[in-house]
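Notes follow once the structure below has been shown.
The values are calculated or read from the model by the stated rules, or taken from the named source; none is laboratory data. Note that this is a predicted model, so its numbers are computed, not measured. All Cβ positions, glycine included, derive from the backbone under ideal geometry; neighbour counts span all protein chains shown. All accessible areas refer to the heavy atoms of the entire protein, side chains included, with ligands and DNA or RNA removed. Shrake-Rupley method; radii C 1.70, N 1.55, O 1.52, S 1.80 Å.
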Amino acid sequence: MRFHLKAISLSHRTAPLDVRERFALNEAETKLFLQTIRELCGIDEWLVVSTCNRTEVYYVAENDYSEQVAKLLCFQKGVSYLTYSACFRYLTNPDEAILHLFNVSVGLESKVVGDLQITHQIRQAYQWAVDVDTVGPFLHRLLHTIFFASKRVAQETSFREGAASVSYATVDLIETLTQALIQPRILLIGLGDIGQDVFKNLLDANLGSITITNRTRAKADALAEKHNVRVAPFDALIDEIQRADVVVSSVQKSEPLITKTSVQSFNLTSYKYFIDLSVPRSIDPAIEDVPGLELYNIDTLRSSADAALQKRLAAIPQVEQIVREAIDGFNEWTGEMSLSPTIQRFKDALEQIRKEELARHLKHLSADEASRVDKITSGIIQKIIKQPVLQLKAACKRGEANALADVLQELFALDRPLHASSTLS
């Protein structure tokens with residue numbers, strides 16, 4: 001038995017954000033796509049992983065269906081394959097596809113190295129595939145091996161520690177600042193690249209009530225409709241700032257958008273926190289002269305993120321070693337699975353001999369004697385089988401299992417059908 005894993009990948013390494021968004025699949029779309037490709041390709045084992053940074057399809061088949069699957073994905077999303085064909089990467093070598101899925105799952109392939117969300121997203125993808133019955137023995141074993149490796153990465157390395165990007169560091173800071181608040185009100189000003197990253201991470205963290213505002217209202221409305229958050233008019237900014245507990249600004253502007261004058265008349269009953277992610281700064285540092293206002297800027301957050309990133313980068317060799325060990329263990333399992341038909345035929349052949357010989361002699365024995373002989377001969381067969389099976393499994397680890405299996409098959413003519421009168425003598 002030989003397993004052939006293949007993968008189709010569209011990720012941040014091959015496609016910009018606007019393209020990745022076109023191919024993102026929610027739960028219903030993922031399950032529909034899994035069912036469609038299973039029926040059309042006649043293959044049982046499929047997994048689809050879809051996050052903000054990637055949409056990938058994994059399948060187990062000897063033949064290559066990768067381009068057809070990519071075309072089906074384009075058809076489901078209502079776009080032309082010719083337009084986006086360059087964004088797809090095909091991994092048809094099983095070893096390459098397995099390593100890629102491991103690296104994705106532990107965070108080595110993430111846009112932010114060591115991404116904390118990815119293992120949860122892989123588990124979710126696995127569950128969706130289980131729900132529509134597109135996971136067989138190979139993917140079950142592979143995914144559980146990956147989950148165990150991810151657990152080792154979290155427990156044995158610093159690869160998942162800290163917030164390794166400004167947007168993650170921002171969310172970490174907000175969580176720290178608002179830990180005493182039951183439902184903190186967060187105002188996000190500006191929806192450029194960094195603003196959208198912070199927004200997505202805030203949604204994942206589920207920290208509180210989010211309000212977004214942007215000079216281009218349509219951009220804010222599109223996000224609000226998709227994620228069910230509140231949009232505030234940009235011309236009502238001061239009122240919204242007064243309402244919020246935390247204000248995050250990532251607006252590109254030559255002069256400060258928020259000044260000391262605009263906030264000094266606030267009637268504060270608790271601390272209000274400002275986080276300025278803009279360059280040049282969009283919040284006047286002088287606002288900290290107003291009692292009850294605290295300001296954090298991008299340099300502070302970037303310093304924290306850089307320190308965390310360096311720790312994660314330093315842990316990569318450990319993570320890669322854990323992945324190698326996990327893959328070695330998985331390959332041993334697949335090797336043993338490939339030998340199982342040979343082992344079973346060997347057992348069947350010896351059992352056939354035992355039954356034939358017993359049939360010739362048991363008719364002269366009493367029921368009690370026959371039972372004792374049956375038990376004794378069954379034990380003898382188990383002991384005969386034990387050593388060859390152990391040697392075959394040991395050969396798996398040396399990469400010599402197939403050669404040994406061929407010898408066993410030749411010695412005992414295991415490729416021939418067994419008949420009631422057959423013997424191995």
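Observations
- Those residues of region 357-381 which are open to solvent by less than 100 Å² (accessible area, probe 1.4 Å) and within 53 Å of the chain's Cα centre (by Cα), in sequence order: 374, 377, 378, 379, 380, 381
- Among residues of region 370-409, those that are modelled with pLDDT under 80 and not polar (S, T, N, Q), counted: 20
- Taken over region 358-372, the criterion of being in contact with a helix residue (DSSP H, G or I) (Cβ under 7 Å, 6 or more places away or on another chain) and part of a helix (DSSP H, G or I) is satisfied by 358, 362, 370.
- Listed conditions (1) open to solvent by 30 Å² or more (accessible area, probe 1.4 Å); (2) under 30 Å from residue 152 (Cα atoms) are all met by residue 289, apart from (2).
One line per residue, one yes/no per condition, for (1) more than 15 Å from residue 167 (Cβ to Cβ); (2) in contact with a Leu (Cβ under 9 Å, 6 or more places away or on another chain):
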position	(1), (2)
209	yes, no
244	yes, yes
254	yes, no
271	yes, yes
276	no, yes
295	yes, no
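- Residues (in a loop (DSSP other than H, G, I, E, B) and closer than 30 Å to residue 345 by Cβ) located in region 1-47: 1, 2, 3, 4, 42, 43, 44, 45
- Criterion: in a helix (DSSP H, G or I), on the phi < 0 side of the Ramachandran plot and touching a residue at least 60 places away in the same chain (Cβ under 8 Å) - qualifying residue of 342, 300: 342
- Residues of region 118-145 satisfying the condition of being in contact with a Gly (Cβ under 9 Å, 6 or more places away or on another chain) and either without any contact (Cβ under 8 Å) to a residue 40 or more places away in the chain or not hydroxyl-bearing (Ser, Thr, Tyr) (or both): 118, 119
- Checking each residue in region 18-70 for being among the basic types (Lys, Arg), closer than 18 Å to residue 133 by Cβ and in contact with a helix residue (DSSP H, G or I) (Cβ under 8 Å, 6 or more places away or on another chain) picks out only 31.
- Top-ranked residue in region 123-138 [being open to solvent by less than 10 Å² (accessible area, probe 1.4 Å) and modelled with pLDDT of 95 or more; ranked as nearest to residue 311 (Cα to Cα)]: 125
- Residue in region 13-22 that is surrounded by 22 or more Cβ atoms within 10 Å (Cβ to Cβ) and either among the acidic types (Asp, Glu) or modelled with pLDDT of 95 or more (or both) present: no
- Single residue of 152, 160 found to be open to solvent by less than 60 Å² (accessible area, probe 1.4 Å), of a type outside the set (Gly, Ala, Ser), assigned to a helix (DSSP H, G or I) and farther than 13 Å from residue 248 by Cα: 152
- Scanning region 168-221 for residues that are of a type in the set (Ser, Thr, Tyr) and open to solvent by less than 60 Å² (accessible area, probe 1.4 Å), we see that the one that is nearest to residue 301 (Cα to Cα) is 170.
- Here residue 56 passes the criteria (1) in a helix (DSSP H, G or I); (2) open to solvent by less than 50 Å² (accessible area, probe 1.4 Å); (3) within 30 Å of residue 201 (Cα to Cα) except the one numbered (1).
- Condition check for residue 146 on (1) within 13 Å of the chain's Cα centre (by Cα); (2) over 22 Å from residue 35 (Cα atoms); (3) modelled with pLDDT of 95 or more; (4) open to solvent by 20 Å² or more (accessible area, probe 1.4 Å): one failure, at (4).
- Number of residues in region 265-285 that are within 25 Å of residue 180 (Cβ to Cβ) and surrounded by 13 or more Cβ atoms within 10 Å (Cβ to Cβ) equals 9.
- Subset of region 60-84 that is small (Gly, Ala, Ser) and open to solvent by less than 40 Å² (accessible area, probe 1.4 Å) - its residue that is farthest from residue 140 (Cα to Cα): 70
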